[in-house]
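S.K.: Attaching a single structure in structure tokens format; questions to follow.
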Amino acid sequence: MTTAAQTPEDNPYVDEPETEFSPVESLDIDAARGQADDLREAIRYHDYRYYVEADPVIGDRAYDALFSRLQTLEDAFDLDTDGSPTQRVGGEPLDELGEIEHVATMGSIDQGGDVEDVREFDERVRRGIAEAAYDGDQQYFCEPKFDGLSVEVVYEDGEYVRAATRGDGAVGEDVTENVRTIRSVPQRLRGDYPDFLAVRGEVYIPREAFTAYNRERVESGKDPFANPRNAAAGTLRQLDPTITAARPLAVFFFGVLDASVDFDSHRAIHERLPEWGLRVCDRTRVVDDIEAAIDYRDEQLDARDDLDYEIDGVVLKLNDGDACDLLGSTSRAPRWAFAYKFPARKEETTLRDIVVQVGRTGRLTPVALMDPVEVGGVTVTRASLHNPSLIEELGVDIGDRIRIKRAGDVIPDVVEVVEGSGDGYFEFHASCPVCGSQVERDGPMAFCTGGLSCPAQRERSIEHYASRDGLDIEGLGEKAVEQLLGAGLVENAADLYELSVDELADLEGWGETSAQNLVDELDAASAPALDDFLTALGIPQVGGVTARNLAQEFGTFEAIREAAEGGGEPAEGQVTLGAAVGEDTRAESFETVPDIGPVVARSIVDFFQDEGNRQVLDRLLDHVDPQPADQSAGDALSGLTFVFTGSLDDYTRGDAQDLVERAGGSATSSVSGNTDYLVVGDNAGQRKREDAEANDVETLSEAEFVDLLESNGVL
């Protein structure tokens, strides 16, 4: 069989277009249909040249012009789009992914990372061949082991018909519509293709695209994907194909599960697939013996950091098809293949990008995005650079080899440049990467001066207001806040209280029940405790403890605001990062509060003096009535220090600590000679109990802890 794509010289759109298209209105239906057919074949040809041959003949803008024209024609003349390249933009969302039975089992293969494992595999292969008295070719076909997601893709009469994930090997998830959006998957085969073809491929996200995608996630305040495989798997399983289409998936094909033609070797498969338009990796090799295969693996290990895709080893296959048939398979894996794994990257990796996050207070935090590396048994792709001063101190830049460390469950730190790229160090932004406002340095740190006019600060402030550290508004997490901002329903925390059930129910993924639940949650958050409200406002350097001290000292929100705003008007265009201590006597009102010094006092005054904050506060107070602090329990536990271990039945650990601190006590994380009580919940660790015993610290059960609070009037 042949297709029109085999004769590009007959198609007017295979070269760089030099003239504009004629107006759609000037075409009749036959002319439109003919032009659309030419455009489809040309786009398929250009896809082949770009993805399979890696040798494009037109630029991106010209390609986009062809694609856009085809979409216009199909829409204007209601043309049949089955199999059209325009279907790669994604179809209607699915309710759920169905299941597809594979045409042949998609088995796993044996694997190991020790060279002796590989030699033992070779011995088993040669022993099996000798027992079968086979005297044919005993070479190995070697290929990279891609770190992606395996899929089965089926073609009938050259047309793409379905795709499925590997699943359990016999049945996989139906990802037909999502795989259709991947540009390196042809919708129609080329050349002399077989009547039936089921191929195995590996879907992945190119490394450069993965870094760019993670950059977007980090800049928007989301956690990055741990590795390209997780990103590819999550993308391929989206219920909305338009989301998949918007993400940079690619595919390598490397095997035939079933076909209406025969192949005598794995090399033959590798050579035929590109002839049909199916993309393969160019880093394969046929070698004569296992030692050469081991050398091949070592070469790929050395090259892995320079590739635009992640590989975690190599796959060695007996090349001869008849020999593979003789050896057969176990119940789990073929006897003729072995995956020789790479060791996990540990501590050292390559820094691919530096992203600057904007926090709710405007603080700019640089984050290193890097090749996945294992640290403390966890694979990570980002590490903190903390502030501009650390970047300068380390001399770190994009492209450097770096060493990182990870302590506990926190984000890893970059601790050293192992090998620099030779370009000096990363120069920090002079303007905010989100809103473009001027960046000001305050000691080692940098801040965006845009305030609530900065979209990032605005979004973070709303997220914080609704978070567990704020008013703990259920149903208003990061995704919901992002959606509300994107829909133009909110610009600040005050707008939350003006949301209606109808507005929320119209949003994608929402319904009447979830909308009503959020409105009810907001109503319940309209009379918060004063210290909770102060914490939720996100005043720089004012956390839970400081908020409680302010509440106890001033009693009401009005008193706090009056102390901060009294004595004069705010300065025009007020931006007071690093303002001189003592510059405004209003700060002195707060320095009398326990644990508040001049810097924190100045920060409180600056917050209330900012005109944007004042406007939001005025609107908030139309909906919210902060409850005066309860002075009676303010010092009931004064001087007492508590430590909590294990899980409590009726309280989260954070809530229990809040109860203690509101009553004047202290809650710390470790037991010492200054600890008065260790509260022991379920599944508690032994170490803190041993420390309590060593320091003669009294232990309390949850029930005893509650009794103590009740007896002191805290509950």
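S.K.: Report relative contact order for segment 183-268 in percent, whole number only (criteria: Cα-Cα under 8 Å, sequence separation at least 6).
M.R.: Relative contact order here is 50 percent.
S.K.: To continue, here is another question. In segment 162-241, if every C-alpha pair distance is counted and binned at 10 Å from zero, what percent goes to each bin?
M.R.: Reading upward from the zero bin: 15, 41, 30, 11, 3.
S.K.: Express the Stokes-Einstein translational diffusion coefficient of segment 348-447 in µm² s⁻¹, to the nearest whole number, given a Kirkwood radius over alpha-carbon pairs, 4 °C and a viscosity of 1.567 mPa s.
M.R.: The calculation lands on 94 µm²/s.
S.K.: While we're on this one: Which entries of 346/479; 341/688; 222/405; 341/405; 341/479; 222/688 have Cα-Cα distances beyond 31 Å here?
M.R.: Flagged as over cut-off: 346/479; 341/688; 341/479; 222/688.
S.K.: So what's the angle, to the nearest 10 degrees on a 0 to 90 scale, between helix 512-524 and the longest Cα principal axis of the chain?
M.R.: Relative to the chain, helix 512-524 is tipped by roughly 20 degrees.
S.K.: So in the chain, which Cys have no other cysteine's beta-carbon sitting under 4.7 angstrom from theirs?
M.R.: For the chain, the answer is 142, 281, 324, because their Cβ atoms have no other cysteine Cβ under 4.7 Å.
S.K.: Among 209, 239, 319, pick out the residue whose Cα is farthest towards the positive end of the charge dipole of the chain, where Lys and Arg carry +1 and Asp and Glu carry -1 on C-beta, about the Cα centre.
M.R.: The Cα lying farthest towards the positive end belongs to 319.
S.K.: Roughly speaking, what is the stretch gain from residue 595 to residue 22, that is 0.36 nm per residue apart minus the C-alpha to C-alpha distance, in nm to one decimal?
M.R.: Gain in length upon complete extension: 198.9 nm.
S.K.: Right, another one. For the chain, find the longest principal axis of its Cα atoms and tell me its angle to the long axis of helix 653-662, 0 to 90°, nearest 10.
M.R.: Rounded to the nearest ten degrees, it is 20.
S.K.: With the crude spin-label approximation of a point 7 Å out along Cα→Cβ, what separation in nm comes out for residue 171 versus residue 261?
M.R.: That separation, rounded to one decimal, is 3.4 nm.
S.K.: Another question, then. Before anything else, pin down the relative contact order of segment 33-156: Cα pairs under 8 Å, at least 6 apart, normalised by residue count, whole percent.
M.R.: Answer for segment 33-156 is 18 percent.
S.K.: Quick check: convex hull of the Cα atoms in segment 272-369, volume per residue, rounded to a whole Å³?
M.R.: Per residue, the Cα convex hull of segment 272-369 comes to 202 Å³.
S.K.: Need one number for the chain: average projected area of the convex hull over its C-alpha atoms, nm².
M.R.: Mean projected area for the chain: 40.2 nm², to one decimal.
S.K.: Using the basic label-point model (7 angstrom from Cα toward the beta carbon), what is the residue 208 to residue 281 distance in nanometres?
M.R.: It works out to 1.9 nm between the two label points.
S.K.: Taking only C-alpha pairs under 8 Å that are 6+ residues apart, what is the relative contact order of the chain in percent?
M.R.: RCO, the chain: 9 percent.
S.K.: With +1 on each Lys and Arg Cβ and -1 on each Asp and Glu Cβ, how big is the dipole of the chain about its Cα centre, in debye rounded to the nearest 20?
M.R.: Value, rounded to 20: 1440 debye.
S.K.: What Kirkwood radius, in Å to one decimal, follows from the Cα pairs of segment 632-711?
M.R.: Evaluated over segment 632-711, this radius sits at 12.5 Å.
S.K.: Here is a follow-up. How tilted is helix 115-131 with respect to the longest principal axis of the chain? Cα atoms for both, answer in degrees (0 to 90, nearest 10).
M.R.: For helix 115-131, the angle is close to 30 degrees.
S.K.: Which of the listed residues, 256, 546, 300, is farthest toward the dipole's positive end in the chain, when Lys, Arg count +1 and Asp, Glu count -1 at the beta-carbon?
M.R.: Checked the options; the winner is 300.
S.K.: Right, here's the next one. Apply 1/(1 + (r/R0)^6) to the Cβ-Cβ distance of residue 33 and residue 53, taking R0 = 25 Å, and write down the FRET efficiency to the nearest 0.05.
M.R.: Efficiency, from the Cβ-Cβ distance: 0.30.
S.K.: Going through segment 263-361, which chymotrypsin sites (Phe, Trp or Tyr not before Pro) have at most 16 other Cβ atoms within 10 Å and a DSSP loop state?
M.R.: Counting only loop positions with at most 16 other Cβ atoms within 10 Å, the chymotrypsin sites (Phe, Trp or Tyr not before Pro) in segment 263-361 are 263.
S.K.: Counting only DSSP beta bridges with both residues in segment 282-419, tell me the antiparallel percent, nearest 5.
M.R.: Close to 95 percent.
S.K.: Contour minus end-to-end for residue 80 and residue 341, with contour as 0.36 nm per residue of separation and end-to-end as the Cα-Cα distance?
M.R.: Additional length available on full extension: 89.3 nm.
Here, each number is a calculation from the coordinates, and none is a lab measurement. In this text the structure is predicted, and so the values were computed from the model without any measurement. As a convention, Cβ positions derive from the backbone with ideal geometry for all residues, glycine included, and neighbour counts pool all protein chains shown.
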